[in-house]
Amino acid sequence: MSLKNHFYKAKAGLFGVLLFAMTAGNAAMAQIPEEMTDLTLQKKLETLIQDFRGDVGIFVKHVPTGRIAAIRADELFPTASMIKVPIMLTLFDKIERGELEYGAEMTYLDTTIYAGDDGIVASLKDSTKIALSKLVMLMITTSDNSASLWCQALAGTGTEINRWLAENGFEQTRVNSRTPDRREGYQAYGWGQTTPREMAGLLELIRRGQAVSADASEEMYRILTRIYWNSEALSEIPPYVQAASKQGAVNQSRSEVVLVNAPSGDYVFCVITKNQADTSWQYDNEGFVLLRQVSKLLWQYFEPESTWQPGQNQHKWAK
């Protein structure tokens, strides 16, 4: 076993103690390791992206040790569908405060259809009944856009979502679409904007059980581990290893945020591109390829003794 792996396994034991403390209701008492740059990993990532035709932002954190790698990690990028994570967080905050019921039966009106959407909710008949819990699941798991617009409306307004983000220390992540006074942001970034560091931080907050409440965090984490869109970063992680994630894509941007429950300790990463030269929607789009490459590099770096390899024909199963 390499010295590096000995280091991570020792730290993973410490992380287990921290998780036990959080489970016991002592989340506020658990010490979070101070962040420090992993220079070896930093160099590997910089080399990986040097020929990419567009702008790339990356943030990686090995949670138990606090080791990080960051490339343009505090620069603004489009969220695309990753903005659905803050929408979910604000919805759960309303549920926790008794303003909504998770199991409440909602009535679908076809006026809520997202333009051009071919998702599940858009195919419902007018006046169909559907539980709020199913809307949240569809918003995250299949990234259903009509379900997402409905959930955003139920969360209150984009302003309320942005208020929750600000109150919880996320100063750069914002909903722009259908939000007063966010026209400039919408024109620049679309539905939402974020930084790789903040988007990774949202998943880590949920993982630590500190988003809304411990119970709410657990339910949100379960939802985030049931992703339908698994052809990019998730395809480079063994299918028997749990990972929470959310993806986003528009013509000139591809993005994914993932928290991997790896054997040697959790690691979280977010990759976002913008100004891509390749705007195609094929499996080999440069942005999609980059997401897979970064994920593969990280799995092999943090789990060097793993012998798992993705199937040679995984492109056959791409969604």
Cα radius of gyration and Dmax for segment 76-194 (Å):
13.9, 40
One would report the Cα pair-distance distribution of segment 134-181, bin width 5 Å, in %, as 5, 22, 24, 23, 19, 6, 0
Under unit Cβ charges (Lys, Arg +1; Asp, Glu -1), what dipole magnitude, rounded to 20 debye, does the chain have relative to its Cα centre?
460
State, to one decimal in nm, how far the label point of LEU109 lies from the label point of ASP51, with both points 7 Å from Cα in the Cβ direction.
5.4
Semi-axes of the equivalent ellipsoid for the chain, please: Cα gyration tensor eigenvalues, times 5, square-rooted, ordered largest first, whole Å.
31, 24, 19
Residue exposure sequence - THR142, THR47 - by fewest surrounding Cβ within 10 Å
THR47, THR142
Provide the gained length on full extension for the span GLU305 to ARG222, in nm with one decimal, where the gain is 0.36 nm per separating residue minus the Cα-Cα distance.
27.1 nm
Ordered by residue, what ³J(HN,Hα) values in Hz, to whole numbers, does segment 153-167 give under the Karplus form 6.51 cos²θ - 1.76 cosθ + 1.60, where θ = phi - 60° and Gly and Pro are x?
5, 5, 5, x, 8, x, 4, 5, 5, 5, 5, 4, 4, 5, 5
Modelling each spin label as a point 7 Å along the Cα-to-Cβ direction, I'd like the SER213/THR40 distance in nm, to one decimal.
4.4
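None of the figures in this text is laboratory data; all of them are computed from the coordinates on show. The structure displayed is predicted, hence computed values, not measured ones. Glycine gets a Cβ as well: all are built from the backbone with ideal geometry, and neighbour counts include every protein chain shown.
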